[in-house]
Amino acid sequence: MVQDVTNRMITPPDDDENPSTAIYLSPDKVVDSAELSVADNIAALSGIIRAVDSPLRIQMLVALHERPHYVSELVALVGSSQPLVSQHLKVLKAAGLVHADRRGRQMSYSLAQPMIIDILKLALRVAEKALETTSE
């Protein structure tokens, strides 16, 4: 069971023998796999997947889920250079996942799409199940 951004519980089907073709985004919103195959939707999904295709960006998203951070805080948190962190933030911002606010001379970043954390949790669940399958 996964908690979505509105703190409602989402119970995706957990039937390994008969996997569903639907994705349960919330109790009242279901996306069927046919909807996923629409070209525009594929492009949008691909953009999001590319944006989170970095351990550093995932680490920053998790930190931003807790609270907004200044760039300097993210630099210290992830242990990378300021130019590298800024470049990764630019990718996340272009994907619409983070929002930037200027506060004086500093930029503060916050999570624009909190649902991305739910997606990362589901991806972790898939990774764990895939690891179990390959270990057998």
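Structure notes:
- J(HN,Hα) series, the stretch 55-60, from Karplus relation 6.51 cos²θ - 1.76 cosθ + 1.60, nearest Hz, glycine and proline x: x, 5, 5, 5, 4, 5
- Where the Cα pairs of the stretch 55-135 fall when distances are cut into 10 Å bins, in %: 18, 48, 22, 10, 2, 0
- Amide H contacts of residue 107 (H built 1.01 Å from N, under 5 Å, at least 5 apart or other chain): 71
- Cut-off under 5 Å, modelled amide H: who pairs with residue 112 long-range: 98, 99
Rule-based calculations on the coordinates, nothing more; no lab input. If you're wondering where the values come from, they're calculated on a predicted model, not measured in any experiment.
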